[in-house]
1. Between their Cα atoms, which of Lys336/Lys411; Lys111/Lys182; Lys283/Lys336 are more than 32 Å away from each other?
2. For an R0 of 22 angstrom, estimate the FRET efficiency from the Cβ-Cβ distance between Arg204 and Phe255 and round to the nearest 0.05.
3. Please sort 401-411, 176-186 by packing, taking for each peptide the average over its residues of neighbouring beta carbons within 10 angstrom, highest first.
4. On a full-extension model of 0.36 nm per residue, what is the gain between Thr183 and Ala21, subtracting their alpha-carbon distance, rounded to one decimal in nm?
5. Got a sec? Charge dipole of region 223-311, +1 on Cβ for Lys and Arg, -1 for Asp and Glu; which of Val236, Ser288, Leu267 is way out at the positive end?
6. So, R0 is 60 Å and r is the distance between the beta-carbons of Thr229 and Thr38; what FRET efficiency does that work out to, to 0.05?
7. Gain in length, Asp304 to Ser277, computed as 0.36 nm per residue apart minus the alpha-carbon separation, to one decimal in nm?
8. Around Ala34, which amide H atoms from residues at least 5 apart in sequence, or from another chain, sit under 5 Å from its own amide H, with H modelled in the peptide plane?
Amino acid sequence: MAYIGNSPANTGNYQLVDDIASGFNGSLVSFALASGGTAITPAKSGQILANINGVMQEPDDGGTNGFKVVSSNIVFSSAPASGDTFWAVYQGQNVDIGTPSDDVVDTAHIKDDAVTAAKLANSINTDIATGVTGNTTANAALPKAGGAMTGTITNLRSTGIDDNANALAVTIDASENVLVGKTSQDSSSSGCELLNNGTAQFTRDGNSALRINRLSSDGELLRLSKAGTTVGSIGVVNTNNPFISNDADNSGLQFGTNQILPHYDDLQRDNAVDLGSSSVRFKDLYLSGGLKVGGTGAANTLDDYEEGVHTVTATDSGGGATYGLNSSYDTFAYTKIGRLVTITGTLVCSAVSGTPSGTITLTLPYSCVNTTDQGGRSGGAGIAFYQVQKYTSGEYAQHNISEGANIVSLKYGSVGGNAYSTKFNTSSQLYCNFSYFTA
């Protein structure tokens, strides 16, 4: 029927209010209310549940705080800014129905024991009507409310328990397996299985099949036992760090922020737990950082290991000659452990052009460490010469690596401590085995 004025809201009717956020501009405070394009007129501000930017707004018919409703408009106490989000729900009013009319009261409102047999449908088993309070005879009528049946009902068969929606919710099969959400035992369909052998199986598609929730405090989430004795547990410590713990004689793990820690008897354990053993070893260890050995400081950190081959360039330091190395004998093999670089290799000169004017230098895979006190300088007799010529004198083959440089210089030393430059010919050979420190 038609109304003069605004249409009333349906009792208990909840409606989603149309979004008004597009009108927010930081200055307007009043906006029209509608649901599905139809104007709505709440009787009071409290009938609107309003939310701006995820924050519920206070209804205030006085308009001082939050918002108030004026006819079909919502009026905010302060203007929403452009870009603010909005949603709201319109709640219908409760209605006092007074004294109910005949034949309108449902079961929940009927007083216990107030309905007589005369009010029951004829289709109800008459045994219920003729039962007696306290009846314990299995073959007699069912007891009335307040009575008890302690006998055995024979020949009762059930294929399951329905969920009041015309479908089975729980099935107990012929093997006494309890099935929830399924009617047969298998692992290909979702549901829960409590089997008669003590096994529980949970199957779910696309999500976790088992969730364990401890409401308060740190501690065990799952306890593992054998023959009634606890052998381990899974739990949480430090609010959100999971742990796997064994009994007091074995080790476990705790998972912290970017850490996996040794765990023992529900506690962290320092400097006591081994990773693997002499006969049961892990295979490969992949690290992007350092390995702390014998301590936790920078001096105890092994942060690099590398094996490789370096192609050597031989040079006349004076620039007068150009040397060429035999392509079959022109590389150093190196091993770098932390800062220590060890070099091995054989070099053979195959070409000399120009006139040598300086000493022979050879390139290295890494530069020598550079310190203020020449502590990184390296040298010695780790390179043996064959057919390496000298300009003037010198008796002993030696090499020198200057700090900060990635070259090794070849010299002839003398008893007097002097060092003399060297030069290649096409028969020169070098046999190398030396080490130095890099940065």
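Nothing in this text is a laboratory measurement; each read-out follows from the coordinates by a stated rule. Computed from a predicted structure; not experimentally measured. Cβ atoms come from the backbone with ideal geometry, glycine included; neighbour counts cover every protein chain shown.
1. Values: Lys336/Lys411 25 Å; Lys111/Lys182 39 Å; Lys283/Lys336 22 Å.
Long pairs (Cα-Cα over 32 Å): Lys111/Lys182.
2. 0.35
3. Order by mean packing, descending: 401-411, 176-186.
4. 53.3 nm
5. Projecting each Cα onto the dipole axis, the largest value belongs to Val236.
6. Working: r = 69 Å, r/R0 = 1.15.
The calculated FRET efficiency here is 0.30.
7. 7.3 nm
8. Here the answer is Asp18, Ile40, since their amide H atoms fall under 5 Å of that of Ala34.
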